[in-house]
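Right, one structure below, let's go through it.
Bear in mind these aren't lab numbers, they're just calculated from the coordinates by the rules spelled out. In this text the structure is predicted, and so the values were computed from the model without any measurement. Cβ placement follows ideal geometry from the backbone for every residue including glycine, while neighbour counts extend to all protein chains displayed.
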């Protein structure tokens, strides 16, 4: 293990690695209208924040790849990155139908992932109390 990996592990104390549950947030992103695009990003972020409050770690492609097209990535590049992240997640939150999210939903079903389409359906993580008591060393 490298020094930086060890440092990362030392920063979070008391967090058993098996208590992390990652949820992929599938929500409409692309839109030629910049205002609609930003609204879509905010909606996905709101879902992610609620998942954090329930004790999960969301992956929100909108945030990870925000602005990527202006730096040379294509939609196909972004979809591939999203697919690879989806395969690493433990569940999918299906926020709204679109060609991209429908494809993500299909893959999540093929992988046998739990799928949620309402925050009310998402139970609090059984590890929520552990995460709330987590000590983070900011050194």
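Could I have the simple spin-label model distance between residue 71 and residue 22, label points 7 Å from Cα toward Cβ, reported in nm to one decimal?
1.9
So what's region 18-136 giving for Cα Rg divided by 2.2 N^0.38 Å, two decimals?
Numbers: Rg = 14.5 Å, N = 119, 2.2 N^0.38 = 13.5 Å.
Dividing the Cα Rg of region 18-136 by 2.2 N^0.38 Å gives 1.07.
Using label points projected 7 Å from each Cα along Cα→Cβ, tell me how many nm separate residue 121 and residue 88, to one decimal.
Label-label distance for residue 121 and residue 88, simple model: 2.5 nm.
Arranged by the count of other C-beta atoms within 10 angstrom, fewest first, what order do 59, 93, 116, 71 take? Provide the component values of the computation, followed by the final result.
Values: 59 21, 93 28, 116 18, 71 7.
In order of increasing Cβ crowding within 10 Å: 71, 116, 59, 93.
Fully extended, how many nm does the chain gain between residue 110 and residue 35 (0.36 nm per residue separation, minus their Cα-Cα distance)? If you can, show how the numbers build up before the last one.
Values: separation 75, 0.36 × 75 = 27.00 nm, distance 3.38 nm.
That works out to 23.6 nm of additional length.
Order by neighbour count: 24, 127, fewest other Cβ atoms within 10 Å first, most last. Write out the running numbers ahead of the final one.
Details: 24 26, 127 17.
Sorted ascending by nearby Cβ count, the order is 127, 24.
Using a 10 Å cut-off around each Cβ, can you sort 28, 126, 39 from fewest to most neighbouring Cβ atoms? Walk me through the numbers on the way to the answer.
Details: 28 20, 126 10, 39 13.
Listed from fewest to most nearby Cβ atoms, that is 126, 39, 28.
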